[in-house]
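The values are calculated or read from the model by the stated rules, or taken from the named source; none is laboratory data. In this text the structure is predicted, and so the values were computed from the model without any measurement. For neighbour counting, all protein chains shown are included, and Cβ atoms are generated from backbone atoms with ideal geometry for every residue, glycine included.
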Amino acid sequence: MKQEPILHLKRLAEFLGYPFSLEEEREGVVEEISKLCSFKNLSNLEANKIGTVVIGIDKVIGIDKKVFFRKGEVGDWANHLTPSMIERLDQLVEQKFNGSGLTFLY
């Protein structure tokens, strides 16, 4: 997605059943959405840098919002997950997306 965000954004819209119209494409709507959803834009929003998110039911904890954004580099996840976590995540992705037509290359 990082190499061709516009192409993948169009494919995602089609997959969800809401493809962009020719008029939207001519008017630059796809490019604007891509900019708004970019790592650079989202990681720099004040709402994503300041404060905490409170999660939990039985045990409530606060998590700094800034931890949700790391470097934005492809493959950096391998520096933060153990081999068993990676294996479990691969299994879940395969199970949940099986038959969707989506493929994951990494």
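P83 versus (1) closer than 24 Å to L7 by Cβ; (2) modelled with pLDDT of 85 or more; (3) over 14 Å from the mean Cα position of the chain (by Cα): which is the lone unmet condition?
(1)
State all residues of region 1-57 that are in a loop (DSSP other than H, G, I, E, B), within 20 Å of S100 (Cβ to Cβ) and either touching a residue at least 12 places away in the same chain (Cβ under 8 Å) or among the charged types (D, E, K, R) (or both); if no residue qualifies, say none.
E4
Go through (1) among the aliphatic types (A, V, I, L, M); (2) at pLDDT 90 or above; (3) over 20 Å from F15 (Cα atoms); (4) touching a helix residue (DSSP H, G or I) at 6+ places or on another chain (Cβ under 8 Å) one by one and return the number of the condition A78 breaks.
Only one criterion is unmet by A78, namely (2).
Among the residues of region 9-53 satisfying the criterion of being surrounded by 11 or more Cβ atoms within 10 Å (Cβ to Cβ) and hydroxyl-bearing (S, T, Y), which is nearest to K71 (Cα to Cα)?
Filtering first and then ranking leaves S43.
Does G72 count as over 15 Å from the mean Cα position of the chain (by Cα) and either surrounded by 10 or more Cβ atoms within 10 Å (Cβ to Cβ) or at positive phi (or both)?
Considered against the rule, which asks whether it is over 15 Å from the mean Cα position of the chain (by Cα) and either surrounded by 10 or more Cβ atoms within 10 Å (Cβ to Cβ) or at positive phi (or both), G72 comes out as no.
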